[in-house]
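These notes concern the structure reproduced below.
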């Protein structure tokens with residue numbers, strides 16, 4: 001299956017090319033095996049571009065949308081440095097588990113607070129409502145360093 005995360009470049013924001021595969025949906029029974037996709041724009045950090053992405057797993061009772069983390073190289077964003085092995089945020093609350101599409105948390109946008117540390121992530125719950133999750137940027141990076149692994153696309157970049 002799989003939808004993947006790609007990057008393209010443009011000299012003028014009208015003409016695009018040099019498409020490159022950045023992160024692939026995993027094979028097998030992973031939490032992000034059916035498809036993945038970029039959600040809010042990447043966040044520039046001293047360690048790299050922090051990417052919050054959605055991943056989908058198809059089960060006998062339907063799909064589950066969860067969120068994961070990856071870190072891209074600052075100078076070469078087509079190069080993924082780390083990818084989390086597990087998801088960091090999934091549907092748990094009733095408004096995330098039941099709605100127009102059950103078992104969905106889908107990030108729509110984010111705002112980094114004036115302190116440069118507090119992240120406000122706006123996300124859809126079960127395709128019925130918009131909710132807000134907060135996190136500390138440093139904690140997300142620490143989690144990714146502890147729970148991530150170097151990544152190389154199967155198909156190459």
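Each value in this text was obtained by applying a stated rule to the coordinates, not by laboratory testing. These numbers come from a predicted model, not from an experiment. Backbone-built Cβ (ideal geometry, glycine too); neighbour counts: all protein chains shown.
A few remarks follow.
- Most fluctuating residue given options 108, 129, 80, as computed from a GNM of the chain linking Cα atoms under 10 Å: 129
- Computed P(r) (all Cα pairs; segment 34-79; 5 Å bins; percent): 6, 21, 24, 19, 11, 9, 6, 3, 0
- For the chain, radius of gyration divided by Kirkwood radius, i.e. Rg to Rh on alpha-carbons: 0.96
- Sites residue 93 and residue 6 - FRET efficiency at Förster radius 41 Å, r taken between beta-carbons, to 0.05: 0.80
- Label-point separation in nm, residue 18 to residue 73, each point 7 Å along Cα→Cβ: 1.3 nm
- Estimated translational D of segment 112-157 in µm²/s (Stokes, Kirkwood radius over Cα pairs; 25 °C; 0.890 mPa s): 186 µm²/s
- Cα centroid separation - segment 106-134 against segment 32-71, whole Å: 14 Å
- Gaussian network model of the chain, Cα within-10 Å springs - most flexible of 11, 46, 91: 11
- Within the listed set 135, 126, 33, the Gaussian network model of the chain (springs between alpha-carbon atoms below 10 Å) gives the highest mean-square fluctuation for 135.
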